[in-house]
Amino acid sequence: MKSILGRGVAWLAHPVIAAPIFVGALLALHHFDTRWAFVPFLVTIMAALTSVLFLLSRRLVFSAYVAVTIVVLIGAMSEAKFQLKGFSLHVFDLAFTGLDASALQFLAGSYFHLLAAGLAALAAVSVFFVILFKGDRVIRSPWWLKTGVTGAAVGAAIIAYPHRPGEPSYTHYISGYNASSFFVSLGDLHLPFGQITLVDVVEAAPAKGRMTNDVACGDMTARPDVFFVLSESHTDPANFPQVAIPDATSKVFQSDDGKVHPMYVETFGGGTWVTNFSVMTGLSGSDFGWQSPYVTQMMESRVRASFPELLARCGYRTVAIMPMDFSFVNEGAFLKSLGFLDVIDYQAMAPKDHFVRDRFYFDVAEKLIREHRRTDSRPLFLALQTMFPHGPYDRSLVDEAELPPEPRYAADAEANEYLRRIAVSKRDFQAFLKEREAVPGGSGSVVLEYGDHQATATKSYLPQGENGLNIFADLHSLAYRTYFSVHGYGRTIDMKPLSLPMDVGFLSASLIEAAGLPTSPMFRSLAELRDACGGRYHECRDRDKVDAHLKQRSDAGLLRLY
């Protein structure tokens with residue numbers, strides 16, 4: 001038996017066999033990382049892993065094959081995460097996502113076929129490596145030699161990383177460099193766990209002016225009900241000339257002025273909570289660098305003077321409806337810390353699954369609105385998240401009685417399914433608007449709807465970056481362009497503050513101006529920053545103004561980063 005295993009190992013070690021396998025691994029890594037510049041770095045990573053494994057096992061062929069497999073598998077896992085959340089794999093995922101039971105349950109339920117295939121492949125690979133370990137011969141060499149080779153390989157990996165001076169830390173993770181992201185993220189382990197990266201920016205900013213935590217509630221007898229609708233995975237289909245969408249659906253993207261207003265978010269394909277974070281807090285997720293996907297965990301109870309807190313201080317009842325579990329990415333607890341008095345989650349609503357039509361959530365909202373207006377004299381702020389257009393798109397969720405399969409909206413099957421879900425979702429939203437028009441409430445109603453990120457289903461329709469640049473590295477590329485719409489019922493909306501294409505962090509401050517809602521020094525400062533920066537937040541051309549604003553919030557105790 002040993003002789004058979006030995007011959008098998010020798011066969012795997014032969015250059016005729018090993019060379020094509022290695023080349024195939026490099027091609028896979030290039031596919032996951034998109035740029036050849038990172039492949040030499042990944043080769044040194046494989047060499048470092050091989051040397052570490054050899055140091056422990058004293059089996060060279062086994063160590064080399066395991067190292068190559070680990071790097072390729074990590075690249076595949078990062079690719080999967082990037083497709084789902086728009087952010088590549090980071091070492092801190094082991095603590096944040098890896099310990100989030102509700103997130104893991106959702107991913108397992110939504111992508112069970114991928115999970116099953118991955119586990120089956122992992123089991124087969126594990127069996128193969130057990131056999132390879134037993135068949136490989138032990139090579140004895142001095143410990144100092146093996147240790148020196150390991151140190152040299154690790155040093156080579158550090159040197160080989162193609163770092164670009166001045167490149168923001170988040171760029172690597174939003175650019176789709178999926179094979180290398182996990183290994184690059186190991187450099188973040190020097191930070192104490194939980195330290196906010198934005199601290200350095202705020203500390204370096206000069207103190208300019210003073211901010212207080214006052215509120216200006218306005219006429220307490222004329223406060224409208226306020227409704228935020230976060231439209232999951234929505235974007236304006238007009239951005240993609242490759243698809244067709246009925247005029248009736250396109251019109252639902254428009255505000256009261258008959259225009260579609262563009263907005264730029266900071267995540268693609270997933271990471272809804274990052275967009276919601278910016279809307280509610282008036283902060284940029286990208287300002288947190290590689291910590292952007294974890295802001296709901298890291299910033300709980302660290303943000304004051306948020307939009308829900310502002311309205312709560314002015315006598316509003318504040319309620320959030322979220323289609324996920326309260327514990328999902330810690331969003332429920334985070335929203336409570338911002339000033340939401342009630343958070344109604346997946347468990348409380350008990351839908352049949354996560355992919356019910358949006359009208360399910362609107363029906364929950366309608367019941368709450370009727371009951372509130374019957375029993376409570378306070379104005380209502382209700383923030384509702386939808387879910388129906390969320391991926392995956394490999395199965396049809398649209399009832400053909402509701403929407404016939406023809407005509408097709410897109411040639412690509414997944415894009416077509418996505419757009420069909422969008423069409424149905426817009427019908428449900430339109431029904432919600434008709435209810436607000438029919439019963440606006442004593443002081444009227446204001447409805448803000450916004451798309452939180454684009455879907456992976458239309459990724460192939462995005463143009464390539466200019467001059468070879470990755471489109472995901474540009475926060476103002478089409479990949480991050482969504483929209484918002486504003487509607488007033490029994491309430492006049494001044495669309496001027498909303499006319500500028502803006503980053504998501506300015507949305508609430510702009511609505512406050514447009515609808516005459518309660519305000520505060522913090523939101524007035526945000527509106528001034530929006531105008532000074534031409535609607536750009538993280539990438540403001542006069543970045544000192546952004547840093548000064550953050551410094552003021554920190555000094556006033558409204559942004560706790562320590």
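The values are calculated or read from the model by the stated rules, or taken from the named source; none is laboratory data. Keep in mind that what you see is a predicted model, and the values were worked out from it rather than measured. Here the Cβ is made from the backbone with ideal geometry for all residues, glycine too, and neighbour counts use every protein chain on show.
Restricting attention to region 253-280 and to residues that are over 25 Å from the mean Cα position of the chain (by Cα) and closer than 16 Å to THR482 by Cα, the residue that is surrounded by the most Cβ atoms within 10 Å (Cβ to Cβ) turns out to be SER255.
Checking each residue in region 500-520 for being under 20 Å from SER286 (Cα atoms) and surrounded by fewer than 21 Cβ atoms within 10 Å (Cβ to Cβ) picks out only PRO501.
Filtered by the rule that a residue be acidic (Asp, Glu), surrounded by fewer than 17 Cβ atoms within 10 Å (Cβ to Cβ) and modelled with pLDDT of 90 or more, region 436-476 gives a lone residue, GLU437. The residues of region 414-426 that are of a type outside the set (Ser, Thr, Tyr) and touching a residue at least 12 places away in the same chain (Cβ under 8 Å), listed by number, are GLU414, ALA415, GLU417, LEU419, ARG420, ARG421, ILE422, ALA423, VAL424, LYS426. The residues of region 261-302 that are part of a loop (DSSP other than H, G, I, E, B) and hydrophobic (A, V, I, L, M, F, W, C), listed by number, are VAL265, PHE268, LEU283, MET299.
Yes or no, residue by residue, for (1) part of a helix (DSSP H, G or I); (2) over 20 Å from VAL446 (Cβ atoms):
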position: ASP363; (1), (2): yes, yes
position: LYS367; (1), (2): yes, yes
position: SER377; (1), (2): no, no
position: LEU382; (1), (2): no, no
position: MET387; (1), (2): no, yes
position: HIS390; (1), (2): no, yes
position: TYR393; (1), (2): no, yes
position: VAL398; (1), (2): no, yes
position: GLU406; (1), (2): no, yes
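The set of residues in region 319-372 being of a type in the set (Lys, Arg), in contact (Cβ under 8 Å) with a residue 24 or more places away in the chain and surrounded by fewer than 20 Cβ atoms within 10 Å (Cβ to Cβ) consists of ARG359 alone. Kindly establish whether SER250 is surrounded by fewer than 19 Cβ atoms within 10 Å (Cβ to Cβ), touching an Asp or Glu at 6+ places or on another chain (Cβ under 9 Å) and in a helix (DSSP H, G or I). Yes; evaluated as a whole, the condition is true for this residue. When region 233-245 is limited to residues that are in a loop (DSSP other than H, G, I, E, B) and of a type in the set (Gly, Ala, Ser), the one that is farthest from the chain's Cα centre (by Cα) turns out to be ALA244. Has region 324-338 got at least one residue that is in a loop (DSSP other than H, G, I, E, B), among the polar types (S, T, N, Q) and modelled with pLDDT of 95 or more? No, region 324-338 has no match at all. The test for being buried (at least 22 other Cβ atoms within 10 Å of the Cβ), out of contact with any Phe, Trp or Tyr (no Cβ under 6 Å at 6 or more places or on another chain) and more than 21 Å from SER292 (Cα to Cα) holds for PHE523.
Pick from LEU60, LEU42, LEU56: which is surrounded by fewer than 17 Cβ atoms within 10 Å (Cβ to Cβ) and under 21 Å from GLY155 (Cα atoms)? Among LEU60, LEU42, LEU56, only LEU56 is surrounded by fewer than 17 Cβ atoms within 10 Å (Cβ to Cβ) and under 21 Å from GLY155 (Cα atoms).
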